[in-house]
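For reference, the structure is listed below as structure tokens.
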Amino acid sequence: MFTPDRAILFGHSRAIFSAHHRAIFFARHRAISFARYRAISFARYRAILATSLWLAMTTGASLAETPNLGKPIDEAAIAAWDISILPDGTGLPKGSGTPAQGAVIYAEKCVSCHGDNGKGGVAAALVSDQKIAGISASQKTIKNFWPYSTTIFDFIRRAMPFQMPRSLSDDEVYALTAYILAENKLIGAGDTMDAQTLPKVKMPNRDNFIIRFPDRI
Amino acid sequence: MAKDRNARGRTLEAAAGNGLIDRRALLGRGMAIAGAMGAGIGQASAGAEPLIDDPWSLEVGEPMPIYQTPSKFEARVARTLSNPNFEPRNSHARTPHHLLDGTTTPNGLHFAINHGGVPVIDPEKHRLVIHGLVKRPLEFSLESLSRYPMTSRVSFLECGGNSAPMFSPEPMQETVQALHGLVSCAEWTGVSLSTLLEETGIDASAKWLIAEGADSPHLSRSVPVKKALDDAMIALYQNGERLMPGNGYPMRLLLPGYEGNMNVKFLRRIKLVDQPALSMYEARTYSQLLPDGKAYRFYFLQEVKSFITSPSHGQALKGPGLYEISGIAYSGTGRIEKVMVSADGGQSWAQAALQEPVLSKAFTRFRLPWRWDGGKATLQSRAWDEAGNVQPTRAEFVALRGELTKPAPVLAFPNQHYNSITSWGVGTNGEVKHVYA
């Protein structure tokens, strides 16, 4: 019976990562020096090779040192879950909405928590002219703090309404986003929000952030 | 320095002002403290009543349950809930550090914040997909992940908003649970994320991943690939058993040392991307306002911190004598190097004993004997980590990060990443209260 060496648990395929990721991986994930790594690498190569051959003979698998039990899935099959929106607009779906359309949806599905005209209720205000003075987070509003308009769309679509998340159509999410932006006077009352126009809305506070630890990114 | 002798003639050497005793006295602790306590409390032997058998010694006890829970006499050892009536908003549960000891937070008492209730997830139907800028998008079931090589590590988890009440300009007069209850420590077991990323392959343009939960807010956070390849884990077990529902069952992302919210629970999707998503939690909630009106972004790190859990606010010392000052220290950067303790508000310091093992990015228990003479005292702890980071004094912290103009509600998060020294004032009546010093 073939029993892989315990070292295989810590061995990782070298073929998969890019050189950049591999360097980070070996430098950080393995707490060993490069010299030490070289010293043991031959033995590990042999172990990996042996397992590769064993797996190749028994299962035909090309990846040796992990169980390789991930089931291939294509992006189309992930589409219903893939709701990430990036600040440059990547991921925004088809569809559109206007502030006027949003006002109707807001009155039906949002007002009970967020209050008349988005002025706040049991949930946070969405429309406000609050200015920031001092460090209290309670002053943060969409208008004075949120750096990207895409975040509004992303959050409504993934998390709202609180009791019925994912129940809004993309058109409805665009309309509500447009309504909030217009009520905050960040777009015009007649503007339409869609995948092209929304990322172009420049939020007032966008350039007011400091990356805390740049070397951790 | 002043010396004191206990009943067996051992020397208890003063290590700093106002009664702090050298940590080495802890080595022979049973004898040293027993003797000294006797001297402090009074005639311990006088007036003891004759011993009798209590009822539980005279009858058969109860049958054992299949899953045991703490004694009914320990019912007060419980989390405090921010939203007990389950109103439509988030819910926090805080760890009662003043009622615990050691370094492991029991699973039932691990802190949790959930933004849309605790989802009831069928583990057989749960899936984790990894996609985006990868060579092969892959889907994993809990069953398949369970066949991967497992790793275990002890790691603290801390909400970025833990200790936030201490941004208030006045001491909050709250327990260590209310002030610091949003941090806990457990042994997590799971699959290294790097192992799974090896199977999917990563495109060179991938700099971030977006992690997303299967809960109703579909909570999502952006994580640098750098961290993912360092020590990130898909955690399946918490202190040896499957994750607690409120802590992410059946699987969560574990990013040792990084703010709790990034350790996405109920993890169902990881998307490799070239830019961060600036999701609501990173664009708004976890960006911290600074005194000049700017704000930090991507703070991530839970910096070096410590606090005394005993004695602490709300407790009362029962007369002069020898006590043990005990607390917790941790750093998101690595191991705790040392903890210093003061009993005179920072005028003099003594080095505390650290309970082994001292693990990277994990709770470290510190202890120091202290003889309370019945006078006023201000107890503080200050931690250093192995990278040389030192826990700031409150004055140092406020000079950089500012403070509120008026006290905030204790359950609010007026700002985040507060790690300065906590001070407990001991009055002549023995009562312990939160103070600033």
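Results for (1) in contact with a Leu (Cβ under 9 Å, 6 or more places away or on another chain); (2) within 20 Å of A:A195 (Cα to Cα); (3) of a type in the set (V, I, T); (4) without any contact (Cβ under 8 Å) to a residue 60 or more places away in the chain, shown as yes or no for each residue.
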| residue | (1), (2), (3), (4) |
| --- | --- |
| A:P87 | yes, yes, no, no |
| A:K94 | no, yes, no, no |
| A:Y106 | yes, no, no, no |
| A:C113 | no, no, no, yes |
| A:D116 | no, no, no, yes |
| A:K119 | yes, no, no, yes |
| A:A125 | no, no, no, yes |
| A:S128 | no, no, no, yes |
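If you scan the range B:225-236, which residues turn out to be touching a residue at least 60 places away in the same chain (Cβ under 8 Å) and either more than 8 Å from chain A (Cβ to nearest Cβ) or surrounded by fewer than 21 Cβ atoms within 10 Å (Cβ to Cβ) (or both)?
If the condition is that a residue be touching a residue at least 60 places away in the same chain (Cβ under 8 Å) and either more than 8 Å from chain A (Cβ to nearest Cβ) or surrounded by fewer than 21 Cβ atoms within 10 Å (Cβ to Cβ) (or both), then B:M233, B:I234, B:L236 are the ones that fit.
I'd like to know if the range B:159-167 contains one or more residues that are part of a helix (DSSP H, G or I) and away from chain A (no Cβ under 13 Å).
Looking for residues that are part of a helix (DSSP H, G or I) and away from chain A (no Cβ under 13 Å), one finds none in the range B:159-167, hence no.
Considering only residues of the range B:129-143 that are assigned to a strand (DSSP E or B) and in contact with a Leu (Cβ under 6 Å, 6 or more places away or on another chain), which is farthest from A:E75 (Cα to Cα)?
In this case the residue turns out to be B:F140.
What is the one condition in (1) under 23 Å from the mean Cα position of the chain (by Cα); (2) closer than 24 Å to B:H126 by Cβ that B:T285 does not satisfy?
Failed condition: (2).
Looking at B:T175, B:T195 in this structure, which one is in contact (Cβ under 8 Å) with a residue 12 or more places away in the chain and either at the interface with chain A (Cβ under 8 Å from one of its Cβ atoms) or crowded, with 24+ Cβ neighbours inside 10 Å (or both)?
B:T195 is the lone residue from the list that is in contact (Cβ under 8 Å) with a residue 12 or more places away in the chain and either at the interface with chain A (Cβ under 8 Å from one of its Cβ atoms) or crowded, with 24+ Cβ neighbours inside 10 Å (or both).
Taking B:T189 and the conditions (1) over 29 Å from B:F397 (Cβ atoms); (2) within 13 Å of another protein chain (Cβ to nearest Cβ), which numbered condition does it fall short on, given that it satisfies the others?
B:T189 satisfies all of (1) over 29 Å from B:F397 (Cβ atoms); (2) within 13 Å of another protein chain (Cβ to nearest Cβ) except (2).
In this structure, is B:E212 touching a Leu at 6+ places or on another chain (Cβ under 8 Å), surrounded by fewer than 24 Cβ atoms within 10 Å (Cβ to Cβ) and within 8 Å of chain A (Cβ to nearest Cβ)?
No; evaluated as a whole, the condition is false for this residue.
Looking only at the range A:134-175, which residues are within 7 Å of chain B (Cβ to nearest Cβ), more than 30 Å from B:L400 (Cβ to Cβ) and among the polar types (S, T, N, Q)?
A:Q163 - this is the single residue of the range A:134-175 that is within 7 Å of chain B (Cβ to nearest Cβ), more than 30 Å from B:L400 (Cβ to Cβ) and among the polar types (S, T, N, Q).
Return the total of residues in the range A:95-121 being under 13 Å from A:A189 (Cβ atoms) and aliphatic (A, V, I, L, M).
Number satisfying all stated conditions: 2.
Please go through the range A:67-115 and pick out each residue that is at the interface with chain B (Cβ under 7 Å from one of its Cβ atoms) and basic (K, R).
A:K71
Quick check on my filter: what residues within the range B:207-258 are part of a strand (DSSP E or B) and not hydrophobic (A, V, I, L, M, F, W, C)?
Once the filter is applied, which keeps residues that are part of a strand (DSSP E or B) and not hydrophobic (A, V, I, L, M, F, W, C), the range B:207-258 yields B:E212, B:G213, B:S220, B:R221, B:S222, B:P224, B:Y237, B:Q238, B:E241, B:R242, B:R252, B:Y258.
For B:S348, indicate whether it is within 14 Å of another protein chain (Cβ to nearest Cβ) and of a type in the set (S, T, N, Q).
no
Pick from the range B:391-428 the residues that are part of a loop (DSSP other than H, G, I, E, B) and among the hydroxyl-bearing types (S, T, Y): which of them is nearest to B:F307 (Cα to Cα)?
The extreme case among them is B:T422.
Given the structure, is B:H417 crowded, with 21+ Cβ neighbours inside 10 Å, away from chain A (no Cβ under 14 Å) and at pLDDT 95 or above?
It is false that B:H417 is crowded, with 21+ Cβ neighbours inside 10 Å, away from chain A (no Cβ under 14 Å) and at pLDDT 95 or above.
Scan the range B:103-127 residue by residue and report those that are touching a strand residue (DSSP E or B) at 6+ places or on another chain (Cβ under 6 Å) and of a type in the set (G, A, S).
B:A112
Output the residue which, of all residues in the range B:247-294 that are in contact (Cβ under 8 Å) with a residue 24 or more places away in the chain, within 11 Å of another protein chain (Cβ to nearest Cβ) and of a type in the set (S, T, N, Q), is surrounded by the fewest Cβ atoms within 10 Å (Cβ to Cβ).
Once the filter is applied, the top-ranked residue is B:Q275.
Whether any residue in the range A:181-204 is in contact with a His (Cβ under 9 Å, 6 or more places away or on another chain), among the charged types (D, E, K, R), in a loop (DSSP other than H, G, I, E, B) and farther than 17 Å from B:S287 by Cβ is what I want to check.
For the range A:181-204, residues in contact with a His (Cβ under 9 Å, 6 or more places away or on another chain), among the charged types (D, E, K, R), in a loop (DSSP other than H, G, I, E, B) and farther than 17 Å from B:S287 by Cβ: absent.
Tally the residues that are in a loop (DSSP other than H, G, I, E, B) and either hydroxyl-bearing (S, T, Y) or in contact with an Asp or Glu (Cβ under 6 Å, 6 or more places away or on another chain) (or both), restricting the search to the range B:266-299.
Looking only at that region, the number is 5.
The values are calculated or read from the model by the stated rules, or taken from the named source; none is laboratory data. Model, not experiment: these values are computed from the prediction. Here Cβ is always computed from backbone atoms with ideal geometry, including for glycine, and neighbour counts include all displayed protein chains.
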